[in-house]
Structures are given as structure tokens and as C-alpha cells.
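Here, each number is a calculation from the coordinates, and none is a lab measurement. Remember, predicted model here, so these are calculated numbers, not experimental data. As a convention, Cβ positions derive from the backbone with ideal geometry for all residues, glycine included, and neighbour counts pool all protein chains shown.
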Amino acid sequence: EPEVTQTPSHQVTQMGQEVILRCVPISNHLYFYWYRQILGQKVEFLVSFYNNEISEKSEIFDDQFSVERPDGSNFTLKIRSTKLEDSAMYFCARSLTDTQYFGPGTRLTVL
Amino acid sequence: GENVEQHPSTLSVQEGDSAVIKCTYSDSASNYFPWYKQELGKRPQLIIDIRSNVGEKKDQRIAVTLNKTAKHFSLHITETQPEDSAVYFCAEVNFGNEKLTFGTGTRLTIIP
């Protein structure tokens, strides 16, 4: 399957700081997603992005979160003021139809 | 809302034996059911999926069955090997939206 890259692989930040996680998807994919996985738990949906707009978002995706595709290529997830409970793996995913493929993830650690 | 229950949470199987993981879902509008394998510290990797117009699908040692009436689907791994050890997640997608709703995962351990 075509690769999706994510940067950074690991981000350590202080509580209250802003973080930006990046995903570089394949250009011909239509749908992009962000998921998170708290250590030892299941994968949880955050937001889907279609045609440069948010298509759907979960209850987790509150005002502290935002997504952008600033240059038409990279797909970013911003957390404005991180909390301890934001510590998790964050996965970007992409799809053409209903099959979703995940990137390698960014491990976010909030101290 | 969507809800997916997955059982068992842990499963130990002797190498060469079969493993079965079961999931149930609540929304009758669900129409796509993928299974993901996640090794420690890695991404979830799609291993097989099934759509609601099909009752069974097989890919080498892996098979998935779907019972729409009972709203459950199962993953079957035959002739298990040590490299099958991982956490397996079922998921479903509801017709009309795109998000994956995951089960709680099954930690499968293959005993050599």
C-alpha cells in the first residue's frame, strides 16, 4: 500500500503548549482522517477531512483541536493548549473509498 | 451511536491451532467491517475487510464472516504462527459517514 508519512515521530511538550502534527498523504486520496490511541486502549476517531473541509468530527475534537491543509499537500492537526490527557499516539489515515490506511503515527507526550 | 464490542480481550493459542475473535455492532446501517493488526509500537495494519453484501471472505490463513441479522462478525486465523502475535482490532463504518469505530482490541499470543 502507498505510504503516508507523519512527522514528527515523537513530540514531547509542556502542558499548555501548542503542538502541530503533520501528515503527508498521497495526493490522489480524497479522504483524510486523524485518530488517536491512548496507550493500551483502542483507536478513537477525531476528525475526517474531505475536499479541504471538515467532514465529520467526534466529541473529542473540541475547540482545542484544528485541522488544516495549508499548502494543498501536508495535512496538519493542531492542539492549541495541550493537556496531560492529550498524551497518545496520533495516527493520520487516508482513503479513496471506504478502506483506510494508517500512517506510522506520532507519539505525543505532554509533561 | 455506534458501538462495537469485541471478545475476548486476550487470547492465547498454541502454534498451529486456530484463533477466533468476535465482534458485535449495534447499528444496522453499518456496511463495512475491516480488521486491523497492530504490533507493539506500530500502526494498525489492515489485514482483511468485508462488506455487508458478502457473508464470508478468505485470504490464505485469514477469514472473516459476517452475520448481518445477528449483527456480528468474526476473524478466523488458521495454522497460527508466532508472527501472528499482536493486538487485533475490529472496526465498522456506518453507511453515510466515513469514520471507523473500533472495537476494544484482542491481544493474541501464539505459544510456540
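Computed quantities for the displayed model
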read-out	value
Under the Karplus curve 6.51 cos²θ - 1.76 cosθ + 1.60, θ = phi - 60°, whole-Hz ³J(HN,Hα) for the range B:77-86, x wherever Gly or Pro sits	10, 9, 6, 4, 10, x, 6, 7, 4, 4
Within the range B:19-76, chymotrypsin sites (Phe, Trp or Tyr not before Pro) in DSSP loop having at most 14 other beta-carbon neighbours inside 10 Å	none
Under-5 Å amide H pairs with A:Q17, H placed in peptide plane, nonlocal only	A:T82
Average other protein chain Cβ within 10 Å of Cβ, residues A:72-79	0
Global form of the protein assembly as shown, assessed from the alpha-carbon gyration tensor, a/c cut-off 1.5	prolate
Stokes-Einstein translational diffusion, chain A - Kirkwood Rh over all Cα pairs, 1.002 mPa s, 20 °C, in µm²/s	154
Assigned charges on the beta-carbon of Lys, Arg, Asp, Glu; the range A:16-111 dipole about Cα centre (debye)	300
Per DSSP, loop GluC sites (Glu not before Pro) in the range A:18-111 with at most 10 further Cβ within 10 Å	A:E59
Cβ neighbours within 10 Å from other chains - mean over A:92-98	3
Number of Lys pairs (Cα under 24 Å; 8 or more positions apart or on different chains) in chain B	20
Estimated dipole of the protein assembly as shown in Debye, rounded to 20 [Cβ of Lys and Arg +1, of Asp and Glu -1, Cα centre]	80
Normalised contact order of the range B:1-98, rounded percent, pairs of Cα under 8 Å and 6 or more residues apart	36
